């Protein structure tokens, strides 16, 4: 019954997402599209951060990889859908290649290495001729009206967000999910049980990177122009990290709550406080970290099914349970 209730919730939410943009202005449709993009990337990060307990601070680098893959291919007349598919593949392949050596590191060392990956890819893109260097690239315009443009990208980001959420749900119920949680609890103990930590961690990071790369690819076409500083911005990785932790790392719904909450609050503060909005947002995040260290899902709410981690006490799994040092 709990499983049916969860899928019922998914269907109802999906129908609501389909109908809601029809009554919104183009401005709010764009805001909603941005929120859905962050939801997709936050739940993607949740796979490696929340389930495996590995603090991937450089996950935003795959957003840039996906964005540049689509921009470069579309600039030479490749169809958007094919370019998007290749963006997913390229992001996944790079994550696999980098993950094999990098995921042997742990804790602070892994976090620092992922930040280094972000800056390495940024420098590479800035020095390659076909990427436009530091000036960036323009992407061909969407062939349609302004209303069609808004709805197309809204539904595309919505589909990606649902794919990301369902992926986390499926992984949690699959052997991969159990292996990742075992690795988070104690990698040495998991190894003794016969779990090949490197294989499972690389698989998790590859899936996470592929979804993030897809978000970057859609963003490139949506925005119409990209440059290295915007799509390889380390702030993207930090925001994703905060969204996952504030919502509830390791849970299915937590990153959604974190992404929606932070993006809507940020939008409101920007419209009311202007340049001071970052200071106010930082204060809110600080207070949330102090009073809700396990995320928003640590607030107990009685529902017909569990939207948390599935632990017997309904407490969301978090890397707080096992410190990053021991992840």
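The values are calculated or read from the model by the stated rules, or taken from the named source; none is laboratory data. Given the structure is predicted, the values throughout are model-derived calculations rather than measurements. Because the Cβ atoms are built from the backbone with ideal geometry, glycine has one as well, and the counts that use them run over all protein chains shown.
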Kindly check whether there is at least one residue in the range 311-323 that is surrounded by fewer than 18 Cβ atoms within 10 Å (Cβ to Cβ), more than 14 Å from the chain's Cα centre (by Cα) and at pLDDT 85 or above. no
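Can you say whether residue 92 is at pLDDT 95 or above, crowded, with 18+ Cβ neighbours inside 10 Å and assigned to a helix (DSSP H, G or I), as far as the supplied structure shows? Steps first, please.
Working: at pLDDT 95 or above: yes; crowded, with 18+ Cβ neighbours inside 10 Å: yes; assigned to a helix (DSSP H, G or I): yes.
Criteria met by residue 92.
For every residue, the table says whether it meets (1) assigned to a helix (DSSP H, G or I); (2) in contact with a helix residue (DSSP H, G or I) (Cβ under 7 Å, 6 or more places away or on another chain); (3) farther than 26 Å from residue 145 by Cβ.
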position	(1), (2), (3)
13	yes, no, yes
58	no, yes, yes
64	yes, yes, yes
68	yes, yes, yes
72	yes, yes, yes
101	yes, no, yes
Of the residues in the range 117-147, those that are farther than 22 Å from residue 75 by Cα and without any contact (Cβ under 8 Å) to a residue 24 or more places away in the chain come to 120
Which numbered condition trips up residue 105, out of (1) in a helix (DSSP H, G or I); (2) within 22 Å of the chain's Cα centre (by Cα); (3) surrounded by fewer than 16 Cβ atoms within 10 Å (Cβ to Cβ)? (1)
Of the listed residues (220, 185, 209), the one being in contact with a strand residue (DSSP E or B) (Cβ under 6 Å, 6 or more places away or on another chain) and in contact (Cβ under 8 Å) with a residue 40 or more places away in the chain is 220
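Condition check ((1) more than 24 Å from residue 261 (Cβ to Cβ); (2) surrounded by fewer than 24 Cβ atoms within 10 Å (Cβ to Cβ)) across all residues:
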residue: 18; (1), (2): no, yes
residue: 32; (1), (2): no, yes
residue: 65; (1), (2): yes, no
residue: 68; (1), (2): yes, no
residue: 77; (1), (2): yes, yes
residue: 97; (1), (2): yes, yes
Within the bounds of the range 122-130, is there any residue that is surrounded by 15 or more Cβ atoms within 10 Å (Cβ to Cβ) and under 26 Å from residue 35 (Cβ atoms)? yes
For the range 37-56, check the following and say yes or no: at least one residue is on the phi < 0 side of the Ramachandran plot, surrounded by fewer than 15 Cβ atoms within 10 Å (Cβ to Cβ) and in a loop (DSSP other than H, G, I, E, B). no
